[in-house]
Structure formats: C-alpha cells, structure tokens
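J.: One structure, as structure tokens, below. Some questions next.
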C-alpha cells in the first residue's frame, strides 16, 4: 500500500498479498527491500507484525530488509532483528525522543537507520501531519553522532506525487553528513533514476526508494536497475 | 555477532540435507565437518566474544584442518591486527585491517554500504558459477589488507581498491555478506558446503 504525501486518506492498496509482492521484487533482482508498517506508523506501535514476519521469512535471508513504522522500543527492535530484519528505521520516535535513537544505536550497532521526513528544510513527524522547527541538516548531524548506520531522507513535498526527486535538498544533506544516505520520494521515471545516480551517488547517496512508480508501472524495475548500474559506471 | 541467524538460514536453504548448527561450543566446532565464522559489528567485540566463549582455539584448529568460511568480521579476525580499537586478530594471515582512508574517499561515505562489484583475482571452487564482476552486498568501515598477495581471491573498489575475498588452502573468507547477496550469495554458500579442499 502506498500513500501520497503521507496522507492516509490517499492510501492506495497495490497488493493484498505483501509476501508475494516481496518475493516478486526479490525475483526481479531487488538489492534491498524497504518495508513500512503504515498502520504502525499512525498508531505508534507495530500493527502488521504477522505479515511482516512472513515477508522476512520469504526474503530476509537473501537480501537486506529495512523496516520502519511505529517502532518505539528496544524489545520490538530486537525481535525484528532476531527474525531477520537487517535495518530498523526510526523516524518520528527519534525526533520526539532522541534518547531512544541513541539507545537503539548503542544496543544494536550497525542495524539502526534514522528516517528524516522533511519539507523546505524542516523536519516533519507523525506521517508528516506535523511540521517541527528542526532543521534537517542539524538534526541529521546530531543523529550521526549517535552512531546510526545510515539515514533515509524523504522529501515529503515529493513522495508519492511523482514530480521528480528534490535533488538540491538531498545533495545538500548528503554533503553535510559522513554516513550513507538513502533518498526517498519523487522517483518517477528512468530519467529520475539516472539523475540520482549521476548527481547524488558521487556525494554518498547509496540508494533510492521507489514504490508508487513501480506499482503503477511508470518505472520498470529491471530497466531502472540496469540504467542505475550504467549511470554509476558499473 | 549479529546476522548469525541469516547466515544459518541461508546455509539451511542451500544444504537442506545437512545439519546446520549455531554454536560457540568448542566440542561442537571440533566435531563438525565444516565451519563458518560470521561476524558483524566491531572487531574488538568479536575478538572478545570469541575468547570469552572458549571457542577461540577450536576456531584456530578449524582454520588448519577443515573447510572454513569467514564472513565480514569473521574474515577480518584472521589477520594480525585490526585498526578498529587497536585490536589483535588471530594472526593466521599476515596483514592488517585498516579503516577506509578519509582523505581518499572524496564524496563516498563510510561505512561502505551497498552492492558492489567483486573482481575475482583467480579461479576457485567457491567462485563456481559466479562470474567475475558479480555484485555482492557490503557493509563495513574497515577492510582486509593482506601482506601476502598470493591469498587474494577477489578485489573490490570503493575509494580505494581493496581485497574483498581471500583463499588459502582450506580457508576462504569474504568481506561482503553472501547471506544478503541474493542468488550470487546463495551460490557461493552452496559452493562452500560442497567444497572439498
């Protein structure tokens, strides 16, 4: 299921069988799976644990899975990592309670990714329904000091709207931090993929997340991967 | 040491007829047919745990006498010294484990995280069915720098060219994670369980 700009009222269900969908992307040659428990993100606690565990069982032993959405305590993180999730994404909880992100990074080194959702340089929380006064770059640097493994940056002006990646904002953030950055939001065409690879990859962006464009057929996965490999010269 | 579960599950997948056991019991390590030492996180912690578990000597014996696969920190620990935490390794292979040099990384980030091309330096039973240049999943800030070029089985490039696989006699070790590297990774693990060095 995907949302437009984080609005649950705009939810589109693309598949009734997330496990089969996960297998499908694995078969297509996906190199990492990004999973969000959307109900969990809204509720502030995991809501789709069973189906997520089934997805992990299906593909978690052959590729990295990163999982976010309503993860607010260390026990939940531990149980997902034990089940085979490689990376846990902490978003809203990190903004509201930086100590939690710090504790998680200390307890599970190498497994914690922070998710920053932002618009016009300012951080948003709770499925993007609330804007905060935090500056994206300042907060990203603070998270980096906690020892997070990587950062997922979602430009919420773009996510699900398929209007192109916010290259400028992503580039600015990538250049400000030392850890890997994953870009999310706005990937809409093979051309966008190529642009990301040419302009952002040399600055430390290691990947881009796309959902809606794949499910609506605007991006063909295999063609996109081939274009990306070509654009980065490998 | 993290990721142990993924490694054991991936091994079960490629060798359903074999018994795969996660253990730190020296007796079990001495009794088994082949040994995989995974490892994720920090080399000092992994070295400490290896000593604390009492498995250190059994692991060293395994590197001398049975098919042995080291993964990530499980590879780094084979060397003499790790820059991370100024840690002594097992010293089974001459060389060290330095950190990616900040001055030569340009815009590249550390850790090196993601899929990268693995260039095979020589033929080996564990490369069977895997073309040179195939991509594997990496996540690491330190890399093996063997003093003996003869052990290099593959290299990779990330800011610097580095050794990402080594082979010597019954030892094979990789810096990347075959258990997260899709079909190529499963093939390498499958080759390992069938390997008769």
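The values are calculated or read from the model by the stated rules, or taken from the named source; none is laboratory data. Since we're looking at a predicted model, the values are computed, not measured. Note that each Cβ is placed from the backbone with ideal geometry, even for glycine, and that neighbours are counted across all protein chains shown.
J.: Pick out the one residue from B:50, B:69, B:11 that is more than 14 Å from chain A (Cβ to nearest Cβ), within 17 Å of the chain's Cα centre (by Cα) and under 25 Å from residue B:191 (Cβ atoms).
T.: B:69
J.: Kindly check whether there is at least one residue in segment A:49-61 that is at pLDDT 90 or above and farther than 30 Å from residue B:188 by Cα.
T.: Yes - at least one qualifying residue is present in segment A:49-61.
J.: Which condition number in (1) surrounded by 24 or more Cβ atoms within 10 Å (Cβ to Cβ); (2) more than 14 Å from chain A (Cβ to nearest Cβ) is the one that residue B:197 fails?
T.: Going through (1) surrounded by 24 or more Cβ atoms within 10 Å (Cβ to Cβ); (2) more than 14 Å from chain A (Cβ to nearest Cβ) one by one, residue B:197 breaks only (1).
J.: In segment A:198-233, how many are farther than 17 Å from residue A:173 by Cβ and either assigned to a helix (DSSP H, G or I) or within 14 Å of chain B (Cβ to nearest Cβ) (or both)?
T.: Residues meeting the conditions: 18.
J.: Something else now. Taking the criterion of being surrounded by fewer than 17 Cβ atoms within 10 Å (Cβ to Cβ), under 21 Å from residue A:112 (Cβ atoms) and at pLDDT 90 or above, would at least one residue in segment A:10-27 satisfy it?
T.: No; the residues of segment A:10-27 include none that is surrounded by fewer than 17 Cβ atoms within 10 Å (Cβ to Cβ), under 21 Å from residue A:112 (Cβ atoms) and at pLDDT 90 or above.
J.: State all residues of segment A:16-34 that are within 12 Å of chain B (Cβ to nearest Cβ) and either farther than 19 Å from residue B:178 by Cα or part of a loop (DSSP other than H, G, I, E, B) (or both); if no residue qualifies, say none.
T.: Result: A:28, A:29, A:30, A:31, A:32.
J.: Please pick out the residue among B:35, B:28 that is in contact with a strand residue (DSSP E or B) (Cβ under 6 Å, 6 or more places away or on another chain), more than 14 Å from chain A (Cβ to nearest Cβ) and free of Cβ contacts under 8 Å to residues at least 40 places away in the same chain.
T.: None of the other options fit; the residue is B:35.
J.: Confirm whether residue B:101 is surrounded by 14 or more Cβ atoms within 10 Å (Cβ to Cβ) and either within 27 Å of residue B:57 (Cα to Cα) or within 14 Å of chain A (Cβ to nearest Cβ) (or both).
T.: no
J.: Tell me which residues, restricted to segment A:44-67, are over 16 Å from the mean Cα position of the chain (by Cα), under 21 Å from residue B:136 (Cα atoms) and buried (at least 16 other Cβ atoms within 10 Å of the Cβ).
T.: Within segment A:44-67, A:56, A:58, A:59, A:60, A:61, A:62 qualify.
J.: Then there is this: Taking the stated definitions as given, is residue B:74 more than 11 Å from chain A (Cβ to nearest Cβ), touching a residue at least 12 places away in the same chain (Cβ under 8 Å), under 11 Å from residue B:143 (Cα atoms) and surrounded by 18 or more Cβ atoms within 10 Å (Cβ to Cβ)?
T.: no
J.: Identify, from the list A:170, A:210, A:199, A:195, the residue that is out of contact with any helix residue (DSSP H, G or I) (no Cβ under 7 Å at 6 or more places or on another chain) and either in contact (Cβ under 8 Å) with a residue 24 or more places away in the chain or over 18 Å from residue A:111 (Cα atoms) (or both).
T.: Criteria check complete, one pass: A:210.
J.: Does residue A:42 satisfy the criteria of being in contact with a strand residue (DSSP E or B) (Cβ under 8 Å, 6 or more places away or on another chain) and more than 14 Å from every other protein chain (Cβ to nearest Cβ)?
T.: In short, yes.
J.: Ok, one more. Answer yes if at least one residue in segment A:121-140 is at pLDDT 95 or above, part of a helix (DSSP H, G or I) and within 14 Å of another protein chain (Cβ to nearest Cβ), and no otherwise.
T.: Yes, the conditions are met somewhere in segment A:121-140.
The rows are residues; the columns are (1) within 14 Å of chain A (Cβ to nearest Cβ); (2) touching a helix residue (DSSP H, G or I) at 6+ places or on another chain (Cβ under 6 Å); (3) in contact (Cβ under 8 Å) with a residue 40 or more places away in the chain; (4) outside any loop (DSSP other than H, G, I, E, B).
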residue: B:110; (1), (2), (3), (4): yes, no, no, no
residue: B:115; (1), (2), (3), (4): yes, no, yes, yes
residue: B:133; (1), (2), (3), (4): yes, no, no, no
residue: B:137; (1), (2), (3), (4): yes, yes, yes, yes
residue: B:156; (1), (2), (3), (4): yes, no, yes, yes
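J.: If I ask for residues that are assigned to a loop (DSSP other than H, G, I, E, B) and either under 27 Å from residue A:232 (Cβ atoms) or in contact (Cβ under 8 Å) with a residue 40 or more places away in the chain (or both), which ones from segment B:158-197 would you list?
T.: B:159, B:170, B:175, B:176, B:177, B:181, B:195, B:196, B:197 - these are the residues of segment B:158-197 that are assigned to a loop (DSSP other than H, G, I, E, B) and either under 27 Å from residue A:232 (Cβ atoms) or in contact (Cβ under 8 Å) with a residue 40 or more places away in the chain (or both).
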